[in-house]
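See below for the structure under consideration.
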Amino acid sequence: MRISSSTSRLFILLLISCIAFFMLQAQEIKKKIEKCVTVIRNPKMPVPPSGSQSKMTLKEDLVIGKDTKKENYWFSSLNSLAVDDSGNIYTLDPKEIKIRVFDSNGKLLRTFGRQGQGPGEFSGPGWMNVMPDGDLIVFDVLSRRFTYLTLDGKFLKTVSTSTLPPGVVRIDSKGFIYQHKRGRGSKPIDELIKYDPSLNPVMKIHTFESIRKSRAWNPFSKQYYFDVTKEGYLIWLLSSTYNIHVIDPKGNTLKRIVKDYDPVKVTDADKERLTKRYSPSGDPLRLKIEFPKYYPAVAGLVSDDQGWIYTRTYEKDGQGGVYYDVFNQEGHYIARFSLPENERVVVIKKKKLYCMVRESEEGIPLVKRYRVVM
């Protein structure tokens with residue numbers, strides 16, 4: 001049987017239409033209710049709102065830390081930064097036990113903090129944040145306490161955290177504390193827990209059983225990434241799955257944001273590079289490194305003052321950078337951008353993105369700020 005050229009053309013057009021239809025379906029954002037929770041399922045690539053583009057453009061507009069000739073304009077180390085409503089930048093140097101405050105143009109305004117156990121003194125400060133009420137809070141890991149200060153460094157109070165096990169913490173505007181509690185023992189159970197301001201456990205948000213071997217170490221073991229919005233909503237995920245959970249202040253899960261993705265393989269070159277990082281001297285490590293076949297789904301999470309969510313991934317841009325995925329208030333995957341691998345987003349406020357660089361190419365810590373353009 002001979003097929004006419006017009007029939008062939010029609011068949012090809014139908015085939016192209018079907019392929020285009022299924023590709024469009026694959027790129028749709030789907031939403032439904034599952035057990036009273038709104039679930040938003042996002043495709044692998046961003047679906048920008050009408051009239052915008054999927055790729056964010058970042059314009060670097062400030063770098064702090066390069067001017068090593070000026071006193072207090074450079075850092076011995078850097079492990080936390082915060083930003084107030086006026087755009088002033090607060091940096092925490094745990095080596096010098098010093099908080100430096102810069103204005104929005106990078107001019108040094110003041111410094112405060114010193115080593116010790118007294119009011120306004122620190123032993124091992126590890127995390128800092130500007131609270132919605134305008135206070136500055138510093139979590140002293142070694143002294144195991146929160147120190148509250150005014151934005152000009154005046155001591156207000158301390159709250160002991162001695163009853164809490166060590167772990168990453170975040171605090172909401174009403175003083176409730178969220179912590180990733182690491183499990184111990186032969187079958188350790190990790191937990192994401194909420195405590196009231198008196199450090200009494202309020203609820204276990206999630207738990208999982210860790211797999212840890214006595215003489216082996218997986219540098220990409222499961223962990224929680226979480227942040228708290230100024231309204232008191234908890235946003236969290238487990239690094240092994242691309243499922244973002246949004247919980248209201250009462251503990252109700254309002255939304256689950258899911259994104260489809262291709263796992264990133266841990267290559268032999270990655271293993272060699274990471275082994276050198278963990279043992280720069282080349283000496284054998286006490287524990288054997290057991291690299292997984294693939295990286296985890298996510299490498300970090302931060303929310304901004306609009307309620308948008310930014311996740312750091314392991315997907316590389318081919319130019320030495322890694323991608324961040326951006327989700328709007330509705331949980332829609334709308335954009336992505338890349339940053340150099342040694343830069344980590346810490347704060348996003350008023351369309352300004354603040355990064356912490358613990359060690360630049362010159363070997364010094366830096367603070368970088370970008371202006372976000374879409």
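Scanning region 304-335 for residues that are in a strand (DSSP E or B) and not hydroxyl-bearing (Ser, Thr, Tyr) yields a total of 11. Out of 199, 151, 156, 164, one residue alone is in a loop (DSSP other than H, G, I, E, B) and under 27 Å from residue 111 (Cα atoms). It is 151. Taking the conditions (1) closer than 30 Å to residue 90 by Cα; (2) touching a strand residue (DSSP E or B) at 6+ places or on another chain (Cβ under 8 Å); (3) not polar (S, T, N, Q) in turn, residue 255 satisfies each one other than (1). Within region 323-355, the residues that satisfy the criterion of being touching a Pro at 6+ places or on another chain (Cβ under 8 Å) and buried (at least 21 other Cβ atoms within 10 Å of the Cβ) are 325, 326, 333, 334, 335. In this entry, residue 58 passes the filter for residues that are aliphatic (A, V, I, L, M), assigned to a strand (DSSP E or B), touching a Phe, Trp or Tyr at 6+ places or on another chain (Cβ under 6 Å) and surrounded by 13 or more Cβ atoms within 10 Å (Cβ to Cβ).
What are the pairs with Cβ atoms under 7 angstrom where one residue, in region 149-163, is of a type in the set (S, T, N, Q) and modelled with pLDDT of 95 or more and the other, located anywhere, is assigned to a loop (DSSP other than H, G, I, E, B) and surrounded by 11 or more Cβ atoms within 10 Å (Cβ to Cβ)? Sequence gap at least six, or different chains. Between residues of region 149-163 that are of a type in the set (S, T, N, Q) and modelled with pLDDT of 95 or more and residues that are assigned to a loop (DSSP other than H, G, I, E, B) and surrounded by 11 or more Cβ atoms within 10 Å (Cβ to Cβ), the close pairs are 150/135. When we screen 126, 134, 116 for residues that are more than 19 Å from residue 346 (Cα to Cα), of a type in the set (Gly, Ala, Ser) and either surrounded by fewer than 16 Cβ atoms within 10 Å (Cβ to Cβ) or touching a Ser or Thr at 6+ places or on another chain (Cβ under 9 Å) (or both), the only hit is 116. For the residues 320, 363, the requirement of being out of contact with any strand residue (DSSP E or B) (no Cβ under 9 Å at 6 or more places or on another chain) and at positive phi singles out 363.
Restricting to region 137-192, and then to whatever is among the β-branched types (Val, Ile, Thr) and under 18 Å from the mean Cα position of the chain (by Cα), can you tell me which residue is surrounded by the most Cβ atoms within 10 Å (Cβ to Cβ)? If we take residues in region 137-192 being among the β-branched types (Val, Ile, Thr) and under 18 Å from the mean Cα position of the chain (by Cα), then 177 is surrounded by the most Cβ atoms within 10 Å (Cβ to Cβ).
Let's see how each residue does on (1) in contact with a Phe, Trp or Tyr (Cβ under 8 Å, 6 or more places away or on another chain); (2) over 22 Å from residue 178 (Cα atoms):
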| site | (1), (2) |
| --- | --- |
| 228 | yes, no |
| 234 | yes, no |
| 238 | yes, no |
| 245 | yes, no |
| 250 | no, no |
| 265 | yes, yes |
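Scan region 234-252 and tell me whether some residue there is among the hydrophobic types (A, V, I, L, M, F, W, C), over 16 Å from the mean Cα position of the chain (by Cα), closer than 20 Å to residue 31 by Cβ and surrounded by 15 or more Cβ atoms within 10 Å (Cβ to Cβ). Yes; the residues of region 234-252 include at least one that is among the hydrophobic types (A, V, I, L, M, F, W, C), over 16 Å from the mean Cα position of the chain (by Cα), closer than 20 Å to residue 31 by Cβ and surrounded by 15 or more Cβ atoms within 10 Å (Cβ to Cβ). For the residues 74, 127, the requirement of being outside any loop (DSSP other than H, G, I, E, B), modelled with pLDDT under 95 and within 20 Å of residue 368 (Cβ to Cβ) singles out 127. When residue 105 is tested against (1) out of contact with any Leu (no Cβ under 8 Å at 6 or more places or on another chain); (2) more than 27 Å from residue 193 (Cα to Cα); (3) part of a loop (DSSP other than H, G, I, E, B); (4) touching a residue at least 24 places away in the same chain (Cβ under 8 Å), only condition (1) is not met.
Based on what the data block shows, is residue 363 out of contact with any Ser or Thr (no Cβ under 7 Å at 6 or more places or on another chain), part of a loop (DSSP other than H, G, I, E, B) and at pLDDT 95 or above? When the stated conditions are applied, residue 363 does not pass them. Based on this model, can you work out whether residue 271 counts as at pLDDT below 95 and among the charged types (D, E, K, R)? Answer is yes for this residue.
Number of residues in region 202-224 that are surrounded by fewer than 12 Cβ atoms within 10 Å (Cβ to Cβ), in a loop (DSSP other than H, G, I, E, B) and touching a Leu at 6+ places or on another chain (Cβ under 8 Å) equals 1.
The values are calculated or read from the model by the stated rules, or taken from the named source; none is laboratory data. No experiment lies behind these values; they were computed from the predicted model shown. Please note: Cβ atoms are built from the backbone with ideal geometry, for glycine as well, and neighbour counts cover all protein chains shown.
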